[in-house]
1. For residue 506, are the conditions met, namely being among the basic types (Lys, Arg), under 28 Å from residue 376 (Cβ atoms) and not assigned by TED's automatic domain parsing to the domain that holds residue 391?
2. Any idea which residue in the range 53-86 is farthest from residue 5 (Cα to Cα), counting only those that are acidic (Asp, Glu) and in contact with a strand residue (DSSP E or B) (Cβ under 9 Å, 6 or more places away or on another chain)?
3. Could you tell me which residue of the range 219-256 is farthest from residue 511 (Cα to Cα), considering only residues that are among the β-branched types (Val, Ile, Thr) and modelled with pLDDT of 95 or more?
4. If I filter the range 232-259 down to residues being outside any helix (DSSP H, G or I) and free of Cβ contacts under 8 Å to residues at least 40 places away in the same chain, which single residue comes out as nearest to residue 500 (Cα to Cα)?
5. Can you name the condition, by its number, that residue 466 falls short on among (1) touching a strand residue (DSSP E or B) at 6+ places or on another chain (Cβ under 8 Å); (2) part of a helix (DSSP H, G or I); (3) touching a residue at least 40 places away in the same chain (Cβ under 8 Å)?
6. Tally up the residues in the range 349-371 that are in contact with a Phe, Trp or Tyr (Cβ under 7 Å, 6 or more places away or on another chain) and charged (D, E, K, R), please.
7. Please verify whether residue 156 is under 18 Å from residue 511 (Cβ atoms), in contact (Cβ under 8 Å) with a residue 24 or more places away in the chain and under 25 Å from the mean Cα position of the chain (by Cα), treating the condition exactly as stated.
8. Checking residue 75 against (1) assigned by TED's automatic domain parsing to the domain that holds residue 208; (2) small (Gly, Ala, Ser); (3) closer than 28 Å to residue 174 by Cα: exactly one of these is not met. Which one?
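The values are calculated or read from the model by the stated rules, or taken from the named source; none is laboratory data. Owing to the predicted nature of the structure, the values given are computational and were not obtained by experimental measurement. Backbone-built Cβ (ideal geometry, glycine too); neighbour counts: all protein chains shown.
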Amino acid sequence: MKKIKVAISDDFLNSLVRLPSQIQAKVMNFVLKFRANPTLPGINYEKINSAKDSKLRSVRIDDTYRGIVMKPDSGNVYVLLWVDHHDKAYQWAESKKCTINPETGALQIYDTHLIVETPQNEEKRPALFGNISERRLKSFGVPEELLPRVRAIRSQAELDTLQNSLPSDAFENLFFLSDGITVEELLLEIDREKEAKVNTEDYAKALEVSESKRHFYVVEDELELTAVLNQPLEKWRVFLHPSQRALVEKDWNGPVRVLGGAGTGKTVAALHRACWLATNVFTKLGERILFTTFSRNLAEDIRENLKQICPAKALERIEVINLDRWVFNYLRKQGYDFTIDYGKRWREIWQDAMALVPEHLQLPYSFFRDEWETVIQPIGVESLEDYFQAPRIGRGRKLSRKDRKSIWPVFEQYRGLLDEENLREPDDGMRDARRLMESEGSPPPYSAVIVDEAQDMGAQAYKLIRKLVPERSNDLFIVGDAHQRIYRHKVVLGQCGIKIIGRGKKLKINYRTTDETRKWATALLKDNAIDDLDAGVDDTRGYKSLLHGAMPIVSHYGSFDEEVSGISDFLKHLSFSAHQN
């Protein structure tokens, strides 16, 4: 007798959170009993006569509520799919199919009404996927019986209406194709290892497929299950998108850079990557992983979230700290003589240095500060000769050799005044920390480094990060999005010693923002070139939000006070509407 395997779907958790709290408690008790032994005589499986899928059964929660379970005719796999009021649970089950896709091997759920709902489009527009073969559409996860309906789709808007009816992997792949991603690009992105032949009756194996793990969680022990049931909204802990899992659970042969818009799960991937490395790769005594980010608050959040997914032993091998704090701690241990100033004092010092600005150039303070932050500090310019050689690409105003010589005294004076006050800027601290490490000649202190919010870190930060870990497999995992850059640190990773060629990846599915808001926001940046953190240009092709909501409201006001009043009135209206409902 093979070991019984029980899985729980994300749809089951979605339906669970909508139930009254007293019913949720009953469901949790049932699930714990079900997980222990789904063959108990007390679990009465009732056939759903109107269901299109003969494997679906209802199970009794109480007199009023029912769960929906997939119970194959043979084998030892049971899957909890849905829970609801009796009538609604049956209504959900009547139109659903839960099958193994013969092309992808993934367990899929989809609506059977699409099988017969093929509209007679009178539009003259060509079919959206008319130039893609049926064989290729099936390889992208479209069930064969849904091919006629998919073939009839004429627009991206029509495709959106089918989002909740198609298998999720099929819908996303179809969206990518409709948004300009080529078949060849999509095949490379999926990077699926195809079996010679998929066994459409082997549900245990199907649950091991990456596309299945996105929606189905195999319950291994009672404590783990209890944690999931008590926090059903925190699905990020157990359900990873295949694109995330491909990044997390891979033995990379060097640094990896992951881009992704807001809400695409970059930090989630970084968290799981840290845990995976600490559990599976760097497990020897003395091997440590650094998880660093830009701000202290983000580091605190990351530390707490890691506790939810990482075993205690693995967690001991992960150090979470924002980079500025790491530099401060390291320099203090080294007896560093300078104080790192984060803006409280250097602004005043700049005003004194500006007294040396040549009158014939009439350059404002903003020019000098920008030149310092984007040219001198990132490169590490320390002399006039260095400045003569420094590239100034993207600075706008050209400077002749004579101009550079004329303004160099301003920067030299600023540096001298910092020295007099025993001060260093954060970039100086990072450069000094790196030089101290190089002079010591000691081995790098970490086995791997995970970097979150990469877009807000400068060149000196990355040059230091490169020294914190040996150059080898699985050394650096860097996630960020230049579209969200707050601090103007445009960086080319390759120029900082971090070679990501062939290991630059993207996450495209947004889990946090509605698609209506995403479309509105990305339209604002349509004509702006956004860098990819490595001298290339990022693009928004294929970005998609899975949530939907109201269209954004744009309001214009004549003054700041009017704007505050308008926002206040809007919030009061929302509060009143919520109270009425």
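1. No.
2. We begin by selecting, within the range 53-86, every residue acidic (Asp, Glu); these are 53, 62-63, 73, 84.
Going one step further and asking which of them are in contact with a strand residue (DSSP E or B) (Cβ under 9 Å, 6 or more places away or on another chain), we end up with 53, 84.
Numbers: 53: 20, 84: 23 Å.
Once the filter is applied, the top-ranked residue is 84.
3. Within the range 219-256, the first condition is being among the β-branched types (Val, Ile, Thr), and the residues that meet it are 219, 226, 228, 238, 248, 256.
Cutting the leftovers down to modelled with pLDDT of 95 or more gives us 248, 256.
Working: 248: 18, 256: 22 Å.
Filtering the range 219-256 for residues that are among the β-branched types (Val, Ile, Thr) and modelled with pLDDT of 95 or more, the one farthest from residue 511 (Cα to Cα) comes out as 256.
4. Pass one, the range 232-259, residues outside any helix (DSSP H, G or I): 232-234, 238-241, 249-259.
Add one more test, that the residue is free of Cβ contacts under 8 Å to residues at least 40 places away in the same chain, and what stays is 238, 240, 249-250.
On the way: 238: 28, 240: 24, 249: 18, 250: 15 Å.
Of everything passing the filter in the range 232-259, 250 is nearest to residue 500 (Cα to Cα).
5. Failing condition for residue 466: (3).
6. So the first thing to find is which residues in the range 349-371 are in contact with a Phe, Trp or Tyr (Cβ under 7 Å, 6 or more places away or on another chain), and the list is 349-350, 353-354, 365, 369.
Still in the list and also charged (D, E, K, R): 369.
Total meeting the criteria: 1.
7. Numbers: under 18 Å from residue 511 (Cβ atoms): no; in contact (Cβ under 8 Å) with a residue 24 or more places away in the chain: yes; under 25 Å from the mean Cα position of the chain (by Cα): yes.
Judged against the criteria, residue 156 is not a match.
8. (3)
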